[in-house]
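Colleague: Structure in structure tokens, see below.
Bear in mind these aren't lab numbers, they're just calculated from the coordinates by the rules spelled out. No experiment lies behind these values; they were computed from the predicted model shown. Backbone-built Cβ (ideal geometry, glycine too); neighbour counts: all protein chains shown.
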Amino acid sequence: SEVSLSAFCFLFSEMVQYYQTRVNTTQELEKKLAGAGYGVGARMLELVCFREKGSKRETRIVGILSYIKDNIWKAMFGKAADALERSTEREDEYMIHEKEPLVNTYVSVPKDFGHLNCASFVAGAVHGILDSADFGARVTAHTTQLASETRTTILVKFSPEVMERERRLG
Amino acid sequence: MAPKCITLFIVNKAGGLIYTRHFSDPKHLGVNECLRLASTFHSMHAIAGRLTPAGPVTGIESVEADTFRLQCFQTPTGIKFIMLAEPMISNLDSLLRQIYSLYSDYVLKNPFYELDMPIQCELFDVKVQDLVAAK
């Protein structure tokens, strides 16, 4: 049930190189990576729910995000995500923090690529999971600084329908 | 005081220098000199291989002098890891093998690195620095 990290990183590296030949900007590259992750996420949700054998379907925002942070992250990366946070400025934005995403273990982004973060693949996976669970959202990966250390933040912005439903449920 | 490593050179299979890292003051080696040094060593390595009278060919593994020691590790793919250090240093061979391991991780698995090009990977720099500092 465990895969060699080297094998996965080589495959991921090839995927990034493949997309690099087909895009012109870093934003497009992040979009392509997110697209690749989308399919993975949708399938991961089914698989993890099936293996868990008998838990309730998550209907609340905090519920599904905690499920992603703990169960899905453990199934994909072997450990839970570092932190889950709700944005103080906007009530429809939540953030999953990860100090060192597994996919970025051996990746060094050159200076002229700006703020490219290959964890966009992970953001795409989260997007796939949320879409499958019927929580429409826009998910992006960002590199942020926290007290002289860089970490990756996955920003989740839920759609107005989801916020409306959340309000109705109390 | 434990003997220190002075410089690390990585040479690709064509003889071009792809990585230089000085661990102490490099007063006497400019960039062009390093390039010349690397290609000269590459040629000497090949000549030494031809001169060997018998047995498997390994090329120059170590050069020892009064003021320095130079150790070279050649990988099966033709990449040479050359370490210049003070004379009394030990275990340079295992250090070079560990650097090879770091190379295969942080350089070869980096999607933004092209083979045989100069190495500009931040993570590789950091890891090599840590490894040599810990020695």
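Colleague: How long is the gain from A:L169 to A:E100 if the chain were fully straight, where each residue apart is worth 0.36 nm and the alpha carbon distance is subtracted?
Modeller: Working: separation 69, 0.36 × 69 = 24.84 nm, distance 3.53 nm.
Between A:L169 and A:E100, full extension yields an extra 21.3 nm.
Colleague: Hey, in the GNM for chain A with a 10 angstrom Cα cutoff, which one of A:L155, A:L146, A:L130 fluctuates hardest?
Modeller: Evaluated over chain A, the most mobile residue of the options is A:L146.
Colleague: Per residue, how big is the convex hull of the stretch A:42-170 when only Cα atoms are used? Give it in Å³. Kindly include the intermediate steps, with their values, before the conclusion.
Modeller: On the way: hull volume 15.0 nm³, N = 129.
Convex hull of Cα atoms, per residue: 116 Å³.
Colleague: Could you work out how far the C-alpha centroid of the stretch B:68-135 sits from that of the stretch A:38-60, in angstrom?
Modeller: The two parts, judged by their Cα centres, are 43 Å apart.
Colleague: How much net charge surrounds B:E86 when only the other residues with a Cβ under 10 Å from the Cβ of B:E86 are counted, with Lys and Arg +1 and Asp and Glu -1? Walk me through the numbers before you get to the answer.
Modeller: Working: positive: B:K4, B:R69; negative: none.
Once positives and negatives cancel, what remains is +2.
Colleague: Would you work out if chain B is rounded, prolate or oblate? Take a ≥ b ≥ c from the square roots of the eigenvalues of the alpha-carbon gyration tensor; rounded if a/c is under 1.5, else prolate when a/b is larger than b/c, oblate otherwise. Could the numbers behind the result be given before it?
Modeller: Numbers: a/c = 1.44, a/b = 1.10, b/c = 1.31.
Here chain B falls in the rounded category.
Colleague: Direction-averaged shadow area of the convex hull around the Cα atoms of the stretch A:2-92, nm²?
Modeller: 8.0 nm²
Colleague: Would you compute, for the Cα atoms of the protein assembly as shown, the largest minus smallest coordinate along each principal axis and list the three values in descending order, in whole Å?
Modeller: 84, 40, 39
Colleague: Turning to a different aspect of this structure: Could you work out how much longer the chain between A:S87 and A:L146 gets when fully extended? Use 0.36 nm per residue separation minus the Cα distance between them, nm to one decimal.
Modeller: Details: separation 59, 0.36 × 59 = 21.24 nm, distance 1.54 nm.
Separation in residues times 0.36 nm, less the Cα-Cα distance, equals 19.7 nm.
Colleague: I've got another one for you. Within straight cross-link reach of A:K111, meaning Cα distance under 15 Å, which aspartates and glutamates are found once same-chain residues fewer than 8 apart are removed?
Modeller: B:E122, B:D125
Colleague: Roughly how tilted is helix A:120-132, in degrees to the nearest 10 and between 0 and 90, from the longest Cα axis of chain A?
Modeller: Here the helix axis deviates by roughly 20 degrees.
Colleague: Further, regarding this structure: Give me the distance in nm between label points sitting 7 Å out from Cα along the Cα-to-Cβ direction at B:R50 and A:K31, one decimal.
Modeller: Each label point is offset 7 Å from its Cα along the Cβ direction, giving 5.6 nm.
Colleague: Given the options A:R151, A:R43, A:R22, state which has the largest fluctuation in a GNM of chain A using a 10 Å cut-off (strictly under) for Cα springs.
Modeller: Fluctuation is largest for A:R22.
Colleague: Evaluate peptide B:108-118: per residue, the Cβ atoms of other protein chains within 10 Å of its Cβ; return the mean as an integer. Write out the running numbers ahead of the final one.
Modeller: Values: counts 5, 13, 9, 16, 12, 6, 1, 0, 0, 0, 0.
The per-residue average across the peptide is 6.
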